[in-house]
Amino acid sequence: MHFIEAIKLAIDAIHSHKLRSFLTLLGVIFGVATVIVVVSLIEGFNKYVDDKIANIGTNAFSVQKFSIEDFSSLDAYEQARKRNKDVTMDDLAALRAQAGVNHIKDAGAQEQDQCELKFGKDSLIGVSLVALTANMIEIQNTEIAEGRSFSPSEESGGRLVCYIGADVAEKFFPTTSPIGQKIKINGRPFEILGVAKALGSVFGQSRDKFVSIPMTTFLNIYGARRSIQLLVASTSASSYEDAIDEARVIMRTRRKLPPNEADTFGIITPSAVNRLREQIFGTIQVVAIGVTSIALVVGGIVIMNIMLVSVTERTKEIGIRKSLGARRKDILRQFLVESTIQSLVGGAIGVSIAWGLGKLVSTLTPIPTSLPMAAVAAALLVSGGVGIIAGIYPAWRAAGLDPITAMRAD
């Protein structure tokens, strides 16, 4: 029996028992759909972290008061809170002094708070107030959709100027240009210089509801006794690690730390954020996929049971085929192909359902989803493997039937 003929016979057998075949596939459909949904949610989250959270800037890393390890436990945080010193503008000046000398290309600073905006009779609360040095535009690759950002002279002079996010522009200036207009930030008038390009949202939280002002202006108004976040850019991707080492030496020297003492500051890189993500979600991912894969095992058992029933029902057919010259391997192939096709069809339906659910979830909720083709291919391979494993015993039993005894069966 040729393989193509075995496929035709399998399709005919499945088609002649549509309802039974569908019920047989439910276990595989449910198992594959559940696993793919879990994978798409985890992959979507990972992609979000990579694109919108861990993406600090081009060849950039952060220097701040706390490291990621300081948040690993309450005790670690309490120790770091007592031990670590504030990161200040003087630290920024020390890093900037080394810019262009070795591996550090540039360094900037930022700080964030909440504020209330007003324009005329309209107001907007819960707005992110982002204080930046002028060079942060280049370090963070911020794109200005309209107008411009503030200049170094405006920043050093403490000017009351700003650029706003797309949501703020839509709220206050839906039909007119905001450039040159003045809005009040916590009661103080600031001139709008530009509008940043829309960034979208992260887990349902808008990234465009902000206003950015010069760092010097922020410190003059809200006080300089605070810890700020520094962003340092390396000269190239190849010098990234060297720039981190250089920044660490500068910060340790300023704090007069001996060689055997731990850092009293934190250096955060995208890889550190990703490691934290893997620590938190790695075990969850393995457990979730393992638990949902139980449905695939159940689906395989269902296929095996139905195939055994099918062998019993078709005993006479098997006897006739053997009496007409069908070999043992032909019967074996026929039933293995049938179980594999059933399982593959169930896997394909499960993938389709999971893809649709993922699109629905990402459309109706802020939860991100992503379905990599590797996961689709793996799901189909696994479902096909389940069909082969589940069909081995029924196929072996069918192939071992004595033709004379089989033909006498009712």
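The values are calculated or read from the model by the stated rules, or taken from the named source; none is laboratory data. These numbers were taken from a predicted model, which means no experiment stands behind them. Cβ coordinates were reconstructed from backbone atoms using ideal geometry, including for glycine residues, and neighbour counts include every protein chain displayed.
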| task | Output the residues belonging to the stretch 246-262 that are part of a helix (DSSP H, G or I) and exposed (fewer than 13 other Cβ atoms within 10 Å of the Cβ). | result | V249, T253
| said: Among the residues in the stretch 353-369, are any surrounded by 17 or more Cβ atoms within 10 Å (Cβ to Cβ) and under 25 Å from R20 (Cβ atoms)? | reply: yes
| note | Matching residues in the stretch 135-155 (loosely packed, with under 15 Cβ neighbours inside 10 Å and not β-branched (V, I, T)) number 7
| message | Looking at the stretch 105-131, I want the residues that are within 30 Å of E241 (Cα to Cα) and have a partner that is in a strand (DSSP E or B) and hydroxyl-bearing (S, T, Y) with Cβ atoms under 9 Å, at least 6 apart or on another chain. Which pairs are those? | response | K105/S234; Q110/S212; Q112/S128; V130/S212; A131/S212
| Pick from the stretch 182-197, criterion surrounded by fewer than 16 Cβ atoms within 10 Å (Cβ to Cβ) and of a type outside the set (D, E, K, R), ranking: farthest from I164 (Cα to Cα) | G187
| remark: Of the residues in the stretch 133-164 that are at pLDDT 90 or above and either within 16 Å of K118 (Cβ to Cβ) or of a type in the set (D, E) (or both), the one that is nearest to the chain's Cα centre (by Cα) is I164
| note | Checked G282, G346 against criteria (modelled with pLDDT of 70 or more and part of a helix (DSSP H, G or I)); the one match is G346
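Please verify whether A169 is modelled with pLDDT of 90 or more and of a type outside the set (F, W, Y), treating the condition exactly as stated.
Details: modelled with pLDDT of 90 or more: yes; of a type outside the set (F, W, Y): yes.
So A169 fits the description; yes.
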| message | Exactly one of these conditions fails for C162: (1) in contact with a Ser or Thr (Cβ under 7 Å, 6 or more places away or on another chain); (2) closer than 30 Å to N84 by Cβ; (3) not charged (D, E, K, R). Give me its number. | response | (2)
| query | Looking at (1) free of Cβ contacts under 8 Å to residues at least 40 places away in the same chain; (2) under 15 Å from D208 (Cα atoms), which is the only condition N135 fails? | reply | (2)
| query | What number of residues within the stretch 202-228 satisfy the criterion of being at pLDDT 85 or above and within 25 Å of the chain's Cα centre (by Cα)? | reply | 3
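I'd like to verify a number: residues in the stretch 207-222 that are out of contact with any strand residue (DSSP E or B) (no Cβ under 8 Å at 6 or more places or on another chain) and either free of Cβ contacts under 8 Å to residues at least 24 places away in the same chain or in a strand (DSSP E or B) (or both), how many?
Step one: filter the stretch 207-222 for residues out of contact with any strand residue (DSSP E or B) (no Cβ under 8 Å at 6 or more places or on another chain), giving 216, 220.
Adding the requirement that they be either free of Cβ contacts under 8 Å to residues at least 24 places away in the same chain or in a strand (DSSP E or B) (or both) leaves none.
So the count comes out to 0.
For the stretch 153-184, how many residues are among the hydrophobic types (A, V, I, L, M, F, W, C), touching a helix residue (DSSP H, G or I) at 6+ places or on another chain (Cβ under 9 Å) and farther than 14 Å from G120 by Cα?
Narrowing the stretch 153-184 to residues among the hydrophobic types (A, V, I, L, M, F, W, C): 160-162, 164, 166, 168-169, 172-173, 179, 183.
Applying the additional criterion that residues be touching a helix residue (DSSP H, G or I) at 6+ places or on another chain (Cβ under 9 Å) yields 160-162, 164, 183.
The next check asks that each one be farther than 14 Å from G120 by Cα; those that pass are 160-162, 164.
Looking only at that region, the number is 4.
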